[in-house]
Amino acid sequence: MNFLAHFFLSGKDDHLMVGNFLGDYLNNAQVSQLPPAVQRGVALHRAIDSYTDQHPEVLKGVRRMYDRHSKYAPVIIDVFYDYFLALNWSTYSEQPLSDFILDTYACLKRHHHLMPEPVHTYVPKMIADNWLETYATHNGIAYTFRRMSHRVSRPELLAGALDTMVSHFQELNTEFNAFFPDAIRHAKAFVEQAAPPQ
């Protein structure tokens, strides 16, 4: 899943949230230099990704779009699921999405010193451009894929991703809502197991 879902699945723990955010950007040597509480967040990120990649509801969507988007189908699903989380936000949280986003940005600012380059430089841009809120709109999703297209080897495979979401909107929404409660339970169980002894 993408940023919004990873932040949400971290709960209210700053260190888990920061580690979960950094999970895609650090090698194991870099992770070992982080405070233990943040290392648990990195481990949570990787556990969420592994669980998501194997979930049958997620795989339905990946298979559906593989012919058009090939190897980027799982990446595209990750972005779509942030959109569907924003769309269904009130089902999963009593806190308004706008408040959650502000709290998340405040957390990133508090722990900005822990972030290596290039993350350190683009977090301010992420906040200034309000990436998390853009995931709730079609224009924001399109912008996300344009941004991603500059970083991948086959940008043509990202072309038309928003059209794919619109064409399969109902199936994707149904699959997301079948999957996400399982992801919440998995993340909570992982956090409980990884918690340090009292």
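The values are calculated or read from the model by the stated rules, or taken from the named source; none is laboratory data. Treat the numbers as computed from the prediction; the structure is a model and nothing was measured. Positions of Cβ are generated from backbone atoms using ideal geometry, with glycine treated the same way; all protein chains shown enter the neighbour counts. What goes into the accessible areas is simple: the full protein's heavy atoms, side chains included, and nothing from ligands, DNA or RNA. Shrake-Rupley method; radii C 1.70, N 1.55, O 1.52, S 1.80 Å.
List the pair-distance distribution P(r) of the range 106-198, using every Cα-Cα distance, as the percent of pairs falling in each 5 Å bin from 0 up to the bin containing the longest distance, rounded to whole percents.
Result returned by the calculation: 2, 10, 12, 14, 17, 20, 15, 7, 2, 1, 0.
Quick check: at a probe of 1.4 Å, how many percent of the accessible area of the range 1-156 sits on carbon and sulfur atoms?
Values: 3980 of 7440 Å².
Roughly 53 percent, rounded to a whole number.
Cα-Cα pairs above 26 Å in the chain: how many percent? Numbers along the way, then the final one.
Values: 6060 of 19503 pairs.
Considering the chain, 31 percent of its Cα-Cα pairs are separated by more than 26 Å.
At what distance in angstrom do the alpha carbon centres of the range 16-70 and the range 120-198 lie from each other?
The distance from the Cα centre of the range 16-70 to that of the range 120-198 comes to 11 Å.
If you line up the long axis of helix 119-128 against the longest principal axis of the chain, both from Cα atoms, how many degrees apart are they, to the nearest 10?
Computed tilt is about 60 degrees.
Starting from the Cα-Cα distance between Asn139 and Gln33, subtract it from 0.36 nm times their residue separation and give me the gain in nm to one decimal. Write out the running numbers ahead of the final one.
Numbers: separation 106, 0.36 × 106 = 38.16 nm, distance 3.81 nm.
Length gained, Asn139 through Gln33: 34.3 nm.
Rounded to the nearest 500 deg cm²/dmol, what is the calculated helix-only ellipticity per residue at 222 nm for the chain, with -39500 (n - 2.57) per DSSP H run of length n ≥ 4? Mind dumping the intermediate values first?
Numbers: 13 runs with 144 residues, N = 198.
Computed ellipticity for the chain at 222 nm equals -22000 deg cm²/dmol.
For the charge dipole of the chain, defined by +1 on Lys and Arg C-beta atoms and -1 on Asp and Glu C-beta atoms about the Cα centroid, which residue among Pro118, Val18, Asn177 has the Cα displaced farthest towards the positive pole?
Highest projection toward the positive end goes to Pro118.
Over the Cα atoms of the range 113-157, Rg to Rh with Kirkwood Rh, two decimal places?
On the way: Rg = 12.3 Å, Rh = 11.8 Å.
Value, to two decimals: 1.04.
Nearest 20 debye, what's the magnitude of the dipole of the chain about its Cα centre given +1 on Lys and Arg Cβ and -1 on Asp and Glu Cβ? Walk me through the intermediate numbers first.
Numbers: 17 positive and 21 negative charges, 83 e Å.
The dipole magnitude comes to about 400 debye.
Of the listed pairs Lys60/Lys188; Lys71/Lys188; Lys12/Lys125; Lys60/Lys109, which have alpha-carbon separations greater than 32 Å here?
On the way: Lys60/Lys188 24 Å; Lys71/Lys188 30 Å; Lys12/Lys125 23 Å; Lys60/Lys109 37 Å.
As for pairs spanning more than 32 Å Cα to Cα, those are Lys60/Lys109.
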